1. Find how many whole Å separate the alpha carbon centroid of the stretch 113-178 from the alpha carbon centroid of the stretch 196-259.
2. In whole Hz, with x marking every Gly and Pro, tabulate ³J(HN,Hα) for the stretch 27-41 from phi via Karplus 6.51 cos²θ - 1.76 cosθ + 1.60, θ = phi - 60°.
3. Take the Cα atoms of the stretch 22-148, find their three principal axes, and give me the spread along each one in whole Å, biggest first.
4. Using only the C-alpha atoms of the chain, find the volume of their convex hull and express it per residue in Å³.
5. How big is the C-alpha Rg of the stretch 209-259 next to the rule-of-thumb value 2.2 N^0.38 Å, as a ratio?
6. Tell me, what is the FRET efficiency for Val172 and Leu19 to the nearest 0.05, using R0 = 45 angstrom and their Cβ-Cβ distance as r?
7. Scan around Asp196 for amide H atoms under 5 Å from its own, H built in the peptide plane at 1.01 Å from N, and keep only partners 5 or more places away or cross-chain.
Amino acid sequence: MRKLLNYIAGKAKKRTSFLQSEEYLFFIENRHLLLKIPRFAYLYDVRDSFDVIRANIVLYGCLNSVILENEIENLKGYIKVNSKSSHTNLLKIYHEIISEQPYYQEGSEKIYIPIFSRALNQIYYENPEKLLTYPYNSLKDNFKDTVVDPFDTYGHELYNSHFTRLVKIKTVDKEAAFFHYDTNTIYFVNDQGRLDASIVLFDRFIRHPNYSHMLERIYPVVDAYFDFDREALIRALNENGFISSHLLLLIRFHDWAKL
């Protein structure tokens with residue numbers, strides 16, 4: 001199956017839309033932050049679209065940590081003046097301020113900083129005033145020892161969040177399928193948040209790709225992949241206009257090699 005998917009990817013249309021996307025521009029503008037955290041420095045030079053998506057999740061976490069810390073610092077005066085005010089009132093104001101920042105919803109909790117643990121994220125969201133006291137007030141200047149691997153920690157559901165533009169198709173067992181409109185690629189992500197496989201749609205022999213009702217047409221492709229049905233996958237790609245009849249013939253011609 002992997003040989004087949006690599007072969008299809010090699011015949012894909014040349015595309016530059018992702019390099020012009022907001023996601024990629026955000027990465028280029030902010031990737032210097034990755035060098036400040038040794039365990040994420042490897043993401044600085046990535047070019048693959050999925051790796052850029054991963055890097056951006058880390059970058060949003062870095063930026064959110066600074067933004068949330070600054071907002072609670074700005075509310076320090078409010079806390080002093082309203083020391084007898086309820087914790088609920090403080091949270092209401094704080095949550096309204098940070099509501100525009102990207103986050104990952106996990107149950108009733110909002111994870112704003114995926115490079116931090118769930119317990120620490122709960123403090124940032126539910127008890128932000130603690131950020132003004134020791135030991136949490138030291139996080140702003142030194143948080144390297146606090147960093148976790150966000151993909152190991154939160155799994156593939158992290159990609160189903162406001163940190164990415166991926167659209168979740170479905171989950172089967174411990175693997176999830178996502179689609180990205182800019183790259184026209186289906187990504188299959190395991191529960192460690194790593195890429196298992198990808199299917200690049202629209203080969204270079206398709207003169208006028210059909211971009212309508214994409215998700216509806218993608219479902220049969222994803223189902224065939226999860227069923228480990230190679231023939232059904234090839235058929236679904238062709239019947240839904242994702243690979244041309246010419247590429248289908250090439251695949252059949254090379255079938256002896258079991259692409």
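1. Centre-to-centre (Cα) distance: 35 Å.
2. Karplus-based 3J(HN,Hα) across the stretch 27-41 equals 4, 4, 5, 10, 5, 4, 5, 5, 6, 7, 10, x, 5, 10, 4 Hz.
3. 52, 25, 25
4. Details: hull volume 35.2 nm³, N = 259.
About 136 Å³ per residue, rounded to a whole number.
5. Values: Rg = 11.4 Å, N = 51, 2.2 N^0.38 = 9.8 Å.
Output field value: 1.16.
6. The calculated FRET efficiency here is 0.90.
7. Phe188, Val189, Asn190
The numbers here are math on the coordinates, done by the rules we state, and not lab data. Quick caveat, the model's predicted, so the values are computed rather than measured. Note that we place each Cβ from the backbone using ideal geometry, even for glycine, and neighbour counts take in every protein chain shown.
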